[in-house]
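For reference, the structure discussed in these notes is given below.
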Amino acid sequence: MFIIFFLGSLVVFWMPLKRLITFSLSHDYASHILLVVPASACLIYRKRSGIFATVQAGLTVGSLLLLAGAGFFWLAERYLPTSVDHDQASLSIFAIVLIWIAGFIFCYGTQAFAIARFPLLFLLLLVPIPATAVEKVIFVLQSGSANVAYWLLWLLGVPVFKRDFVLLLP
């Protein structure tokens, strides 16, 4: 049942997923995205006897999560521009993952989700980090590494000048 739900969602959400694949192929920091779904599926397959031992549909929780996911997806597609910092892609993919988790809970219940929580929550790694956050992290890392390199060279007695992120050796 969940496989049909999952395949149907691939058809319904094909455009955002296609954008995600394109994003993953064009950004080095998002190259892991292509491996998340197969890795999650393998983890679920390895724990299948424990996960599917007690199957009981979780209609209430599944329905609530499905509504939340649909609401996030509608919000992303309706109100966020497609070109601004990949925020729309982040919210759209978060909504799709939430809908997949909702479908799993709807089909197999909360006990199965509790056992499979790591592989299912692992799917959150599909959500691309917004560009503004990536730029801030990169800035902090560049600044920190330049400072550490400067102080290491200074401690070793190497004459060095620092200008922003650039170290100059005379």
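Determine the share of segment 16-170's accessible area contributed by carbon and sulfur atoms, expressed in whole percent, with a 1.4 angstrom probe.
The value for segment 16-170 is 70 percent carbon and sulfur by accessible area.
Extent of the chain along each principal axis, from alpha carbon coordinates, in Å, largest to smallest?
70, 38, 25
Do me a favour and compute the ellipsoid semi-axes for segment 1-85 from its Cα gyration tensor, root of five times each eigenvalue, largest one first, whole Å.
Values: eigenvalues 148, 82, 22 Å².
So the three semi-axes of segment 1-85 are 27, 20, 11 Å.
Say each of Trp74 and Phe139 gets a label point 7 Å from the Cα, pointing the same way as Cα to Cβ; how far apart are those two points in nm?
So the label points at Trp74 and Phe139 sit 3.6 nm apart.
Starting from 0 in steps of 10 Å, tell me what percent of the Cα-Cα pairs of segment 1-40 lands in each bin.
In whole percents, the pair-distance histogram is 28, 49, 21, 2.
Ranked highest first by the average count of other Cβ atoms within 10 Å around their residues, in what order do 26-33, 152-159 fall?
Details: 26-33: 13.0, 152-159: 10.2.
Going from most to least packed, we get 26-33, 152-159.
Rounded, prolate or oblate: pick one for segment 90-129, where a ≥ b ≥ c are the square roots of the eigenvalues of its C-alpha gyration tensor, a/c under 1.5 means rounded, and failing that, prolate if a/b is larger than b/c, else oblate. Working shown, then result.
Working: a/c = 4.36, a/b = 1.77, b/c = 2.46.
Taking the square roots of the gyration eigenvalues as a ≥ b ≥ c, segment 90-129 is oblate.
In deg cm²/dmol and to the nearest 500, what is the mean residue ellipticity at 222 nm of the chain if only DSSP H runs of at least 4 residues count, each as -39500 (n - 2.57), divided by the residue total?
Numbers: 8 runs with 123 residues, N = 170.
My calculation for the chain gives -24000 deg cm²/dmol from helical runs alone.
Order these peptides, 16-24, 138-146, by their mean beta-carbon neighbour count within 10 angstrom, highest first.
Result, highest mean Cβ count within 10 Å first: 16-24, 138-146.
Would you mind computing, in nm to one decimal, how far apart the modelled labels at Ile129 and Ser63 are, each placed 7 Å from Cα along Cα→Cβ?
In this crude spin-label approximation the distance works out to 3.9 nm.
Once you keep just the Cα pairs under 8 angstrom separated by 6 or more residues, what percentage relative contact order results for the chain?
24 percent
For segment 36-135, just the Cα atoms, rotate onto the principal axes and tell me the three extents in Å, largest first.
Sorted largest first, the three principal extents are 45, 27, 16 Å.
In what order, largest first, do Glu135, Glu77 sit by accessible area if the probe radius is 1.4 Å? Please report the intermediate quantities before stating the final value.
Working: Glu135 120, Glu77 75 Å².
Putting Glu135, Glu77 in descending order of accessible area: Glu135, Glu77.
Could you provide, to the nearest whole Å², the per residue accessible area of the chain with probe 1.4 Å?
Normalised by residue count, the accessible surface of the chain is 63 Å².
The values are calculated or read from the model by the stated rules, or taken from the named source; none is laboratory data. Given the structure is predicted, the values throughout are model-derived calculations rather than measurements. Virtual Cβ from ideal backbone geometry, glycine too; neighbours counted across all protein chains shown. For the accessible areas, the whole protein counts, side chains as well, though only heavy atoms, and no ligand, DNA or RNA atoms are used. Shrake-Rupley method; radii C 1.70, N 1.55, O 1.52, S 1.80 Å.
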